[in-house]
Every structure is written in C-alpha cells, then in structure tokens.
Amino acid sequence: MRQRPAVIGTALFSAVGLAVGLGAPVGTAIGEIRNRAPLAPSVLSVNDQAAPLNIEGTPAFGWQPQDPDHHEFQSAYQIKVERAADGTPVWNSGRVRSAEQSYIDYAGPDLLPGREYHWTVRTWDSGGRSSPWAEPARFETGLTDEDWAGAEWIRRDAAEADEYTLARTEVTVADSPIVRARAYTAASHTYELFLNGQRADRGPSFGYPGEGYYQAADVTDLVEPGSPLAIGVRYHWYGDGQGRPAGEPGLLHKLLIEHEDGSTQIVDTDDSWRVTRDTRFVAESPLRNGEGDRVDEQDARGIIPGWNDADFDDTDWAAATSLGAHPAEPFTSVTGQETRVTETEIDAVELHTAADGTVVADFGVVVPARPIVRFDEGVDGRTLQLRAGYELTEDGRVDTSRLSTQNTLMTFPYTQVDGPQEYEAFTHLAFRYLEIPDAAEDIALDDVAAVLLHTEIPADAEATFTSSDDTLTEVWELMQRSALYSVQEQFVDTPTREKGQFLLDSANISYATMQGFGERDATQQAIREFLASQQRHWADGADSGRYNAVYPNGDGKRDIPDFTQMFVNWVWRYYQVTGDRSLLAEAYPAIRQTAEYVLRHIPGDGPTAGLVTELAGGSGDYEFGIIDWPAPGRFDYDMATAARTTINAQGVEVLRRTAQMAEELGRPAEEGEHYRAAQAALTEAMNEQLRAEDGAYVDGLYADGTQSDGRSQHATSYAIAFGIAPEADHPALAEHLASMGMRQGPMTAHWLLQALSDAERPDLVHDLLTDPTKLGWANILDQGATFTWEAWTREEGSNHSQSHGWGAQAAVDITETMLGIRPGDPGAATVRLVPPAAGPPDAEGTVHTQRGPVSLDWVRTDRGVRATAQLPVNVTGRVELPRVEGMTYRSTGRSRARYIETTEDRVIFEVGSGESRFVPVTGDGPR
C-alpha cells in the first residue's frame, strides 16, 4: 500500500488545530463538538476510470470521501473486492490507517483474466467514525498476451497504401440465457465492430506492432440466445505517417459469451473468417499533404449491403490469411487501452449561400470531426467534392489557400447513388466550415451535421472559470476548447495537418487537460509511449536518455533536445497533479538517463565550462534545441550560441525534478544529493556567465565563451520560471519582460506567464492574456479565432496551423494566477488559494483535483478581497490573501479558518474541508 505519513500528520494537525482554534463556537469544549459520521464515499474509480473493462496488472483504486462536517479528513479506509458472478469474496484490505484515497493497489490473490469484479470502500473520519459502504462499483480484468488462446491475427492479402478491409464470420449462439458478453478487438490502425449489423465498438491502435492496443466492449445486449450472430469488422490501415508507425495491417478478435447454464461460448479470429476489400472507399486516393493521411474518398455504389448481417452470402469473399495465434510476428504484444474516443453528433449552427449558390455550413467554431450530409435526391454516379475549411473567401466559398488549409487537401469526395442517402466520413479533420458544391437539391440546416471527436474525459470533472472581465473569460473558453479538441486517439499537434503526437505539444496540452477536465488516461498513455521511444531508439551510448520528438511515428528515430528536457517537467507535473507514485517509479529510470544526458554535455573546462553546451540532437532548425516554433516565434533568439540559456535553464529543471523524484521514491540519499549538487552548480554557472550587467539574461555563450548580445524574452522568462534568477532580481526582470510585450510563441508562452506570476506580477499576466493590441490570445480572438493557433501571426506562404493546442497550456495560468487555485502537495493533499493582488477585478471557478473539486470565488475591493473557498474532504488549504495597508481579514461563517501569519504582502490562513469565507476589516491582526 502507498501511504504518506507526512501528509496524514499534516491533515491531523490541521483538523485538531482548526477544531481547537477558530473552528469551534466560543465557549464550546472540544469534546462537545458534534462529529457526525461521514457519508459513503463517491466517485469510485479503478485506474482512474469509473467502470473499466480491461484492467491488466494490479488494479489501483480511488474514491472521494464525503463528510457533512467541516475541516474533516480521512483517517482510514477499508476496501472489499468480490467476484461479480457469485459474490465470492476475493480481497478485504481490513482497516488501513491512511489518508490516501487514490492509486491504492489491490493486494489480494491473482485475479482471473476476462472476469468482472465488484468492489466497495468505506472510510473513517478524524474522530474515528465510519462511513457506510459505498455503492459497489465494477471493474473487469483484461487479457494479457497469454490469454488470447485460440485467437489468430488475420488479414486480407493486399498491397495498398491505404487499406480498408471487411472481415466477417457467422455463428449460432447457444440457446441459453446470456449473462455477459464481451468483445476484445485489436486492429492496425482503426476498426469498427458490428454484431448483426449494429455497430458495437470503434477503436484505434496507432502503436508499433509490438506496442499495440486492444479495446474491450460490453456487447451483452447485442447477442440473442439461440439466434445466428454475424460478427463483422471493418479495419483501416493508414500506412505510416506522423502519429502512426511503419507497420502492417492486421486484425485480432475474441468474443466471449457467458450463459446462465455456466457455459462459455468463444469466437476467435482465424483463417475461417472471410475478407474482402471495402469498395465503399476509393483506392489510391491522394495524400492530403506530406504527413501521411490520405483523402477519405467514398463511392456509395461500392457499399456492400448487409455485409455485417446474418445470412449474408460471403462465398465470393477470400479466406483470411492467418499470421498465427497471438502473439504472432510482428504483433508480439497488445495492451488493454484505457483511453477511449468520445463521439458526439453535433449540428451545424448556420447555413450560408456563396455568391455562386454553393451551400456552406458553419459549425460556429473549429471542431475535430467527421462530416455528415443527408441527401434526398441523389443521382447515381454523381460525385460531389465536399470541402472542409477554416475560413471563407470574399465570395463565400471555403478558402483553399495554403495558409488557410494548413497546406492540406481538405476535401471529402463522395459519389452518390440514386435517391435518399446519408454520407458520413470515416476519418476526421478539424474545420469550421463545410461546403456542399453542386448538390443539385435544396440543403437544409438539419441536413448537415458532424461527429465531434475527442478523448473521453471523466464525468462532472470539467474546470470552470468566470470573471466580469469578459475577455479573460473568453480566453479561458478558447483554451479549454482547444485543449480538449487536441486529443483524439492520441495527443496531436493539430487534428488537421499532421495528427502526430509530438512530445512538447503533448506535454503542453496535457497540462491543460489534466487540470481542465480531470483527464488522466491520455496523459498516462502518452508518457508511457514516449518512455517506449527511449527503449526503442535511445537506449544506448551517447543516445541514452533521449526521447523521440514524435511517437509513434513512421520515420523512425528523430529527437529535439529541448523536447527531451521538457519530458521530465511533464512527468513531474503529472505526479504533482495526481500523486501517482506508480507511474513516477516507472518513469524514473528513464528520467535518470535524461539527467545524465544533460550532464554529459556540461564541459569541465574550456570557454563554456560549467554550462550545457551544444546539447546533442535534432537537425537543421532543430539542432541543439528548437527554442520555439514556428521560427517567427523565436523573435530573433540568437541561435548561433553554443551554450543556449533556454537549454541550460531546462537543464536545471531536469536536474531539480530528477532529484525530487529520487526523494519522493525513497531512492538512496546519494542519488538525490548528486542531482541537487549538479542543479546548484549549473544554476551558479548560469548566473555567473549568462547575465548581462543589468541582470537580464542573454541568449547564451558562443563557442569561444563570449556573451551573445541577444536578450530575448525567452532567456529571462526561463531563468525566473525554472528557479535560476535570484528572487531579489525578480521585480526588475519582470519589468524587463513586460517592456517587450509578447515575444514568445504559443509553444513557450506559458513559461513567460509563469515567470511573471513567480515575480508577483499578476497584473502583467492579466495584461498579456487580455490585451488585444499585443500578440497573444486576445489578439487572435480579435481576429476571429475559435481554436488556439500554432503561431501568433499567420505568415503568407506558410502553413501555420489554426488548430494547434499547445497554446492552451496557459489555461493553468488562468486558474493558478488569475483565479488563484494552485497545487500544493502531490495529489492535492494540500492546495494553495492565492487570489491575485492585481489583475482582474473578480474571479470565480472550480478545479477538480485528484481529491475532488476545489472552488474559489473572490472580489477585489480597495480594502482587500472578499473571498469564499470550498474544499473537499481530506484536503487542507493554505489561503493567502493580499495585504492592504491598515487592513486585515476576518474568517466568517460556520467553517472558520486558522490564522497562520502575516507577511509583507499576504495574510495567511489554513482551512479544511467545507466552505470558508473571508472579509477585509480594519486592523493589523486577524479577526
């Protein structure tokens, strides 16, 4: 069991202190304080999912304690697990003294594969009173590579660059009531599963053949006892490209049907299955661009009616080719996929008519989606060039220019049959507009829709933010939408041009999705995939410690040095948000190698001694570090330097976080001390060699040891954000940064906002977020953006993306600096509530932390702020209120706070669970 005595002790101290201090009514003895029993825990999860169907390895349990009392915490818990089939007890943890409520490992006997289990939990409060048992939740175990017995990898023999295949078989279901049916499917790269013509599942597997995924689906309601059952699968192999490795097409499927009489019927893929080309899709369609996706071109005349129904005649189909029972080369391993893609049909919001009569549907904002068009009067053989886009030309048509399309062929050609029909794309793009030229019939608003796609997120976990500063609220909404819409099968740099999982794009977007939507699974999957990239490509010698710049991918080994460095920060951020030591421990060996990679590039002598110099990796514009991207986002950063300041600042961060990970994981003391010492030495070297006379940081040193004349915003913002610049210099450095406006691209702008926040200048953070006259989010909103961009400006002749999620990372700056909800201990055992002393006049919002929702609502006045905080059970908050000369604060309401101290700038309290209110009052001390 993972236990944290230090956190328990802090929570216990806080609860007792609050009860004895300001929390109890005057004259009430501690023994007379009413202690009601806690309520049953809620939000039960296994591996961060509500009811997963394919848990492999050790399940990790989580829940949220509930208690009607204020200032409460969990002092103990008890978990019970039983078999769903017959209620047989499997594991009882007994009462465990612990405040932990997430990532609690199962510690019972081995669980059987492909089985359903029920579990429940109860908790004890600070007074030792027990809650009722939670409403039981379920989870199911998946199939390890050894559990697919009988299932073979099959395929259709073909030599196509973009392959669509139909595969089917038919069985008769035993005539006994069905109690449970599960379908397990893996395919390279995307599949749709049908049972008797009804779609039962859709799943992606974009990993390498030896790192692929399968999904599990509950199909109980689609299987009828004593009836024929047709199992049909459409799979699409894209070929290689960004986000997809060079691999091979293949399909693996197992259907388990459990009957009331105790029997189990199993259907596996093998060479008895029949396969054919899916002639709905036109062969040899052109590439959308140079990144690998091909145009989704469909011909309704090629649809094979009833192919996935029972009694379909497939005698003219070919027998499937079997590669052998799983695991079979090259498909040596599959893992249960925890991520899912959510599909939601959305309607167009408005129809426009172009000057030439073409109907253009407007979806209001840029969406990653598969278009749908319903026709009433189709004509056999007529081909329509449906076209998606971001902007309209002056005559009202979709703009097809290079810049507007991100250099992507955004067409969806469709050939009709006679009569009414519905077209739906199989693959998605991001777009706002869809034009339907040459329809030769009236197109109504309800004839046009789209299937919106993004990663599945937990229910009721979306963060909120509002302010009377409308621009700030609009910027928040832009970032939230952009972050969520940048994760489909994986994190993507853009859902239009590349759909590739670039490392830094993923980290930036993950910052926003973890905080903004309670997302965990996509982040965990991506971190593990980049860890796999180190094992595949960067495990040995001078390469050791690096990660692919994009993974999975079709062009093999390719890295960018500062992407590698930022991976360490990303893993630490994940741990800070979740408190998940398991993934931290899994990543730590690779992280150590990354730290050593940085240290190998610090020479002991010579002109750049003590500094990270020419950090190996990348090529062309990326060699020794990308700094920012696209190139205009560097704002003339001096790329000729050998010891670049941003690379060195990130090197300090790598060493700091590696040391912290070693300490958190209880590694031998000398490990952490080694990296702490290296961090301190590199920090000292930077401050000695990379500062100008006025204290601002230069862009780096040249190979001969001379300083660059460049004083980029990047250099100084990184020095503050990564803890290098002395605090005494922060005020002057903040003014230096502010004097430049915005001179960092969306890729790195978060670190500029973080630096200004660390320098205690929330007013400057607010200005950069909301000033439409400066480059930034408000400026692109002013230009009509509905999705964050790749760059602040759109350069003619470029293909700068209008759907690039990396700029959404700054959503954390809104909640942490503008609202004031900041992380404390990992996993939200503690949080900081820090309303800004300047900036917006008010703010209200909620962040769903690992331990539940934390809310803050404040209004600034001349006398201070009026604030209300709401914390979940088992969380301690440190409330830091802006100090105003001659004023202090009084804690009001039922849940009062414990005063900690007054500093030069803040009046600080500690609060527990429940609602706490603060009002400014005249005086020098707390009231």
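Regarding the stretch 534-541, can at least one residue be identified that is touching a Leu at 6+ places or on another chain (Cβ under 9 Å), polar (S, T, N, Q) and buried (at least 19 other Cβ atoms within 10 Å of the Cβ)? No: zero hits.
Of the set (1) in contact with a His (Cβ under 9 Å, 6 or more places away or on another chain); (2) surrounded by fewer than 22 Cβ atoms within 10 Å (Cβ to Cβ), all apply to Thr464 but (1).
Could you say whether any residue in the stretch 439-459 is polar (S, T, N, Q) and in contact with a helix residue (DSSP H, G or I) (Cβ under 8 Å, 6 or more places away or on another chain)?
Scanning the stretch 439-459, I find at least one residue that is polar (S, T, N, Q) and in contact with a helix residue (DSSP H, G or I) (Cβ under 8 Å, 6 or more places away or on another chain), so the answer is yes.
Can you tell me which residue is nearest to Ile602 (Cα to Cα) among those in the stretch 699-716 that are in a loop (DSSP other than H, G, I, E, B) and under 34 Å from the mean Cα position of the chain (by Cα)? Restricting to residues being in a loop (DSSP other than H, G, I, E, B) and under 34 Å from the mean Cα position of the chain (by Cα), the top hit is Asp699.
Can you pull out the residues in the stretch 252-277 that are hydrophobic (A, V, I, L, M, F, W, C) and part of a strand (DSSP E or B)? Hits for the stretch 252-277 are Leu252, Leu255, Leu256, Ile257, Ile266, Val267, Val275.
Just a yes or no: is a residue in the stretch 170-183 in contact with a Lys or Arg (Cβ under 6 Å, 6 or more places away or on another chain) and either surrounded by fewer than 20 Cβ atoms within 10 Å (Cβ to Cβ) or not aliphatic (A, V, I, L, M) (or both)? The answer is no; no qualifying residue exists.
Each residue in the stretch 826-847 was checked for being surrounded by fewer than 24 Cβ atoms within 10 Å (Cβ to Cβ) and assigned to a strand (DSSP E or B), and 6 pass.
Please verify whether Glu489 is among the acidic types (Asp, Glu) and in contact with a strand residue (DSSP E or B) (Cβ under 7 Å, 6 or more places away or on another chain), treating the condition exactly as stated.
Numbers: among the acidic types (Asp, Glu): yes; in contact with a strand residue (DSSP E or B) (Cβ under 7 Å, 6 or more places away or on another chain): yes.
For Glu489, the condition - among the acidic types (Asp, Glu) and in contact with a strand residue (DSSP E or B) (Cβ under 7 Å, 6 or more places away or on another chain) - is met.
Take Asp356 and decide whether it is among the acidic types (Asp, Glu) and farther than 26 Å from Asn799 by Cβ. Talk me through it step by step, then tell me what you get.
Values: among the acidic types (Asp, Glu): yes; farther than 26 Å from Asn799 by Cβ: yes.
When the stated conditions are applied, Asp356 passes them.
Candidates in the stretch 610-631 are the residues that are more than 27 Å from the chain's Cα centre (by Cα), touching a residue at least 60 places away in the same chain (Cβ under 8 Å) and farther than 21 Å from Asp540 by Cα; of these, the one that is surrounded by the fewest Cβ atoms within 10 Å (Cβ to Cβ) is Gly610.
Give just the number: which of (1) assigned to a strand (DSSP E or B); (2) in contact with a Phe, Trp or Tyr (Cβ under 8 Å, 6 or more places away or on another chain) does Gly210 not satisfy? It is condition (1) that Gly210 fails.
One residue alone among Gly378, Gly357 is surrounded by 18 or more Cβ atoms within 10 Å (Cβ to Cβ), outside the structural domain of Met479 (by TED's automatic domain parsing) and small (Gly, Ala, Ser), and that residue is Gly378. If you go through the stretch 443-469 and pick out every residue that is closer than 23 Å to Phe363 by Cβ and either of a type outside the set (Val, Ile, Thr) or in a loop (DSSP other than H, G, I, E, B) (or both), you end up with 13. For the stretch 215-251, a residue qualifies if it is at pLDDT 95 or above, in a loop (DSSP other than H, G, I, E, B) and hydroxyl-bearing (Ser, Thr, Tyr), and exactly one does: Ser227.
Residue by residue, here is whether (1) under 24 Å from Leu484 (Cβ atoms); (2) β-branched (Val, Ile, Thr); (3) at pLDDT 95 or above holds:
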| residue | (1), (2), (3) |
| --- | --- |
| Val765 | yes, yes, yes |
| Leu769 | yes, no, yes |
| Lys774 | no, no, yes |
| Ser801 | yes, no, yes |
| Val831 | yes, yes, yes |
| Pro841 | no, no, yes |
| His848 | yes, no, yes |
| Thr861 | no, yes, yes |
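Inside the stretch 760-774, residues that are within 26 Å of the chain's Cα centre (by Cα) and not hydroxyl-bearing (Ser, Thr, Tyr) make up a count of 4.
From the list Pro245, Pro209, Pro204, the lone residue that is touching a residue at least 40 places away in the same chain (Cβ under 8 Å), in the same structural domain as Arg168 (by TED's automatic domain parsing) and over 20 Å from Gly142 (Cα atoms) is Pro245. Taking the criterion of being more than 26 Å from Gln242 (Cα to Cα), touching a Ser or Thr at 6+ places or on another chain (Cβ under 6 Å) and part of a loop (DSSP other than H, G, I, E, B), the only residue of the stretch 287-326 that qualifies is Trp317. Being within 13 Å of the chain's Cα centre (by Cα), crowded, with 24+ Cβ neighbours inside 10 Å and modelled with pLDDT of 95 or more is the requirement here; does Arg481 meet it? No, not satisfied. Taking residues in the stretch 733-753 that are under 16 Å from Thr770 (Cα atoms) and not assigned by TED's automatic domain parsing to the domain that holds His714, and partners anywhere that are at pLDDT 95 or above and in a helix (DSSP H, G or I), not one pair has Cβ atoms closer than 7 Å while being at least 6 places apart or on different chains. The residue that is nearest to Gln593 (Cα to Cα), counting only those in the stretch 637-696 that are of a type in the set (Asp, Glu) and part of a helix (DSSP H, G or I), is Glu671.
Would you mind stating whether Ser801 is in a loop (DSSP other than H, G, I, E, B) and crowded, with 23+ Cβ neighbours inside 10 Å? The answer is yes for Ser801. For Leu690, the criteria (1) modelled with pLDDT of 95 or more; (2) over 22 Å from Gly633 (Cα atoms) hold in every case but one, which is (2). Are any of the residues in the stretch 776-794 touching an Asp or Glu at 6+ places or on another chain (Cβ under 7 Å) and among the polar types (S, T, N, Q)? Scanning the stretch 776-794 turns up no residue that is touching an Asp or Glu at 6+ places or on another chain (Cβ under 7 Å) and among the polar types (S, T, N, Q).
Scanning the stretch 153-163 for residues that are touching a His at 6+ places or on another chain (Cβ under 9 Å) and surrounded by fewer than 24 Cβ atoms within 10 Å (Cβ to Cβ) yields Asp162, Glu163. Each residue in the stretch 776-798 was checked for being closer than 22 Å to Met740 by Cα, part of a loop (DSSP other than H, G, I, E, B) and either touching a residue at least 40 places away in the same chain (Cβ under 8 Å) or touching a His at 6+ places or on another chain (Cβ under 9 Å) (or both), and 8 pass.
The values are calculated or read from the model by the stated rules, or taken from the named source; none is laboratory data. This one's a predicted model, so the numbers in the text were calculated from it and none came from an experiment. Using ideal geometry, Cβ is built from the backbone for each residue, glycine included, and neighbour counts are taken over all protein chains shown.
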